[in-house]
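The values are calculated or read from the model by the stated rules, or taken from the named source; none is laboratory data. Since this is a predicted model, take the numbers as computed values, not measurements. FYI the Cβ positions are ideal-geometry reconstructions off the backbone, even for glycines, and counts take in every protein chain you see. When the accessible area is computed, the model is the full protein with side chains, heavy atoms only, and any ligands, DNA or RNA have been set aside. Shrake-Rupley method; radii C 1.70, N 1.55, O 1.52, S 1.80 Å.
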Amino acid sequence: MTYVKLNKRFLGERLNARAEELLPQARQHLQKLLEKTCVGSEWTGWWDYPKQRGYALNEEIKRYVEQLDVDYDLVLVIGIGGSYLGTRAVSEALLHTYQSAMDTHQPMIAYAGHHLAEAQLIEVLELLDKRLPLVNVISKSGTTTEPGVVFRIVRNYMEARFGEEEASRRIICTTDAKEGALRLVADQKAYASFVIPDDIGGRFSVLSPVGLVPLALLRLDTKALLDGADAVFAELQNQPAESAVLGYAAARLAAYEADKRIEILATSNPKMSHIVEWWKQLYGESEGKEHKGLFPAGMVYTTDLHSLGQYVQDGVRNLLETFLVIEQDVARRKGIEQRIRVPAQSSKLDQLTYLEGRFVNDINRAAMQGTLLAHYDGGVPCLQLTVPDLSERSLGALFAFFECGCALSAAMLGVNPYDQPGVEAYKKNLFALMGKPGTEALGQKLRERI
Ligand code: PA5
């Protein structure tokens, strides 16, 4: 089954024709990816991960979760970038938005370590106080400042509240097998730990223990997540002449060659907003180098039609817009569809009589269709990506789809998708400004400039 479908009808004739010409190039790069002869091939462990390692690991994680000997009603994930965005994308898409207020018998999830804002950290500590937490600290390098600082604070809290022994049963580390400070701490404290494979970088790691562990702790269907991804990999494994992934990569380059500089990923479901955030990191960090790449921006419609819609319709024409469409976007409770219609009323004052009896989602769909046509008519080339529903399977397919699309897009652009040299600049300055030993001279220079 093809989980992610691509519609290029609204890309425009010229870009469509160019995208067709670029397809053979996309195919060549797919072949290099499969043969492991692409640039950065030592980082392509994410390719075909479900079959290679994911399914076996998933069983191991399930056993671990079943054998946990502490009660918990909150999972706190501490991580930044690729170490938390994928999990957040799934949890926000599939859990109740107001989980903490619902009697769902499913643990809630909270996130920390992805910023350094004290006020919000205080709120996290207050939340921990109200709950029985499990903490999953995730850092591939094990040396990232934000999760490192926050983990130190949370660890202190956990030990003070539960005592060292119980705290150690409530803390799970996901990190490198050998390297990094987090590995040292995990080993010394005998925390349960899961290994992020050497050949998978942060932003490509959602289907590894980085995502599988916290999502399994939430009792989400991680096997279905892997199944969705596996379907995408399996299709590409056969090197098809055409596929949605190949078409997406070719269309992006065609748009870039035609001076488009920003790609907007637009969704009409706020529950997908962190899929968009995950996508932004994947494409921004993978492609934005050597002064190249489409800047990845996100929109949640119809909300953003009342803020940024004006710019998309009428501003600088350097945009490509990709609409993410969910075919069956309906909520279910215990397997039963929940729908809301616009109610009938005797008063006509609100002038909405013509909508009576219509589902809210039908209005949403019409708004998306109208927006697509308006933006296209306004000179924005548009793509549509469609997934069947909002489920683990569809999200897994989207992860694999975008990872493959990103690897091919970056290769076609001529950049290595797997490094991130630009991220180091702020870190160097942060260390110097905070007086890390060995950075005194730079610290002095920076302080003089501020
Ligand atoms: O994609 C990447 O490599 C980065 O975004 C990392 O995920 C992010 O910087 C966090 O790194 P780490 O997991 O080492 O703490």
Kirkwood Rh (inverse of mean 1/r, distinct Cα pairs), the chain, angstrom = 23.5
Does the range 338-400 classify as rounded, prolate or oblate by the C-alpha gyration tensor (a ≥ b ≥ c root eigenvalues; a/c under 1.5 gives rounded; else a/b over b/c gives prolate, otherwise oblate)?
-> oblate
For the chain, modelled as a Gaussian network with Cα springs under 10 Å, which listed residue fluctuates most, Ala397, Ala101, Ala89?
-> Ala101
Using eta = 1.002 mPa s and T = 20 °C, Stokes-Einstein with Kirkwood Rh from Cα pairs puts D for the range 26-90, in µm² s⁻¹, at 142
Give, as a single signed number, the net charge of other residues whose beta carbon lies under 12 Å from the beta carbon of Leu217, with Lys and Arg counted +1 and Asp and Glu -1.
-> +1
If you build a Gaussian network model of the chain, linking Cα atoms that sit under 10 Å apart, which residue out of Gly12, Gly288, Gly438 swings the most?
-> Gly438
Kindly work out what percent of the DSSP beta bridges joining two residues of the chain are antiparallel, to the nearest 5.
-> 15
Which value in nm describes the separation of the simple spin-label points at Gln369 and Tyr72, placed 7 Å from the Cα toward the beta carbon?
-> 4.5
For Gln420, what is the net charge nearby, where nearby means another residue's Cβ is under 13 Å from its Cβ and Lys, Arg count +1, Asp, Glu -1?
-> -1
Which of these, Gly309, Gly228, Gly79, has the largest mean-square fluctuation under a Gaussian network model of the chain (Cα springs below 10 Å)?
-> Gly309
Once fully extended, how much extra length lies between Glu35 and Glu164, figured as 0.36 nm per residue of separation less the alpha-carbon to alpha-carbon distance?
-> 41.6 nm
Note, Leu34: beta-carbon cut-off 12 Å, +1 each Lys/Arg, -1 each Asp/Glu, net +1
Mind checking the full-extension length gain between Arg358 and Glu59? Use 0.36 nm per residue of separation minus the Cα-Cα distance, one decimal, nm.
-> 103.2 nm
In nm, to one decimal, how far is the Asn156 label point from the Ile262 one, both placed 7 Å along Cα→Cβ?
-> 4.2
How much accessible area per residue does the chain have, in Å², with a 1.4 Å probe?
-> 47
For Leu442 and Lys51, what is the calculated FRET efficiency with R₀ set at 45 Å and r taken between the beta-carbons, to the nearest 0.05?
-> 0.45
List the relative contact order of the chain as a percent without decimals, with contacts defined as Cα pairs under 8 Å and 6+ residues apart.
-> 24
Do the alpha carbons of any pairs in Lys8/Lys260; Lys289/Lys427; Lys189/Lys427; Lys32/Lys178 sit beyond 19 Å of each other, and which pairs?
-> Lys189/Lys427; Lys32/Lys178
Plugging the Cβ-Cβ distance of Leu184 and Thr145 into 1/(1 + (r/R0)^6) at R0 = 22 Å yields, to the nearest 0.05, a FRET efficiency of 0.85
Express the carbon and sulfur contribution to the solvent-accessible surface of the range 162-316 as a percent, rounded to the nearest whole number, probe 1.4 angstrom.
-> 52
Short version: what are the Cα gyration tensor semi-axes of the range 42-222, square root of 5 times each eigenvalue, largest first, in whole Å?
-> 23, 19, 16
Taking the Cα-to-Cβ direction at Met1 and at Ile340 and moving 7 Å from each Cα, how far apart do the two end points lie in nm?
-> 2.8
Would you calculate, for the chain, the mean residue ellipticity at 222 nm contributed by helices, counting each DSSP H stretch of 4 or more residues as -39,500 (n - 2.57) and dividing by all residues, to the nearest 500?
-> -15000 deg cm²/dmol
